[in-house]
Amino acid sequence: MATLSVLVIEDTAQIGQEICDFLCTRGMLVDYAATGTLGLTLAAQQAYDVIVLDVMLPDINGVTVCKLLKQQCDPMPAVLMLTARDSIADKSLGFDAGADDYLTKPFDLTELLLRCQALARRHQLHQSQTIRIGELQINEKQQVATRQGQSLKLSSTDFSILMMLVQAYPNAVSRQQLINRIWGDDAPDSDVIRSHIYTLRQVLDKPFTSAMLTTIHGIGFKLTATD
């Protein structure tokens, strides 16, 4: 396995130092943050393979930090949470926030190392969640879309339509496919679909010099890549 980069977010200096020293001696690249705020800043500046995150932090609860990490990081790092609480209810909060694994204090440093390695291997199997088509970037998990770096403010329905077009690219999506996927048995009339296509174009194309959303008469709609 290639050299792993790890961010340790732990407010107890002695524990944080022990973890960092041990992982460094095992050939890992390690950064350290004593607060959730600093941890979020570091994670925004650099991609890590694994983040070792303490639940109890002085400024931001570790569960909240985990949620924010999952929102801001792409590719998303594996998150190993450290906690002195071993109840299922406490662990459930962390897993719901996006944690990948839990280690209960006190723990063996070798076990921490093995878990970091296993999490890194698992995450390296997954590609970036961001799909790029020309100027367009879209992340389904985070429900975020940008064009030329500008955020596209879309309703949930318009985002779903755009996501279908992205997944079908470079092929077209028919009106019936849109209806089946988004509305199911509660099919709207043609005016509703026309309205959503219009509002999608207003956000996706109108502010820019070229159009990406193309109507294929008699078939449906497709995306055209832009450089």
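Does residue 110 satisfy the condition of being farther than 27 Å from residue 139 by Cα, open to solvent by 60 Å² or more (accessible area, probe 1.4 Å) and of a type in the set (Ser, Thr, Tyr)?
Considered against the rule, which asks whether it is farther than 27 Å from residue 139 by Cα, open to solvent by 60 Å² or more (accessible area, probe 1.4 Å) and of a type in the set (Ser, Thr, Tyr), residue 110 comes out as yes.
Which condition does residue 160 not pass, out of (1) in a strand (DSSP E or B); (2) polar (S, T, N, Q); (3) within 26 Å of residue 67 (Cβ to Cβ), if it passes all the others?
It is condition (1) that residue 160 fails.
Can you tell me which residues in the stretch 71-89 are under 17 Å from the mean Cα position of the chain (by Cα) and open to solvent by less than 30 Å² (accessible area, probe 1.4 Å)?
Selection gives 73, 77, 78, 79, 80.
Please state which of the following conditions residue 55 fails to meet, knowing it meets all the rest: (1) open to solvent by less than 40 Å² (accessible area, probe 1.4 Å); (2) of a type outside the set (Phe, Trp, Tyr); (3) touching a Pro at 6+ places or on another chain (Cβ under 7 Å).
(3)
Would you check if there is a residue in the stretch 181-194 being outside any strand (DSSP E or B), surrounded by 13 or more Cβ atoms within 10 Å (Cβ to Cβ), aliphatic (A, V, I, L, M) and touching a residue at least 12 places away in the same chain (Cβ under 8 Å)?
Yes - at least one qualifying residue is present in the stretch 181-194.
The values are calculated or read from the model by the stated rules, or taken from the named source; none is laboratory data. Bear in mind the structure is a predicted one, so any value in this text is a computation, not a measurement. Neighbour counts are summed over all protein chains in view; Cβ atoms, including those assigned to glycine, are modelled from backbone coordinates with ideal geometry. Note: areas computed on protein heavy atoms with side chains; ligands, DNA, RNA excluded. Shrake-Rupley method; radii C 1.70, N 1.55, O 1.52, S 1.80 Å.
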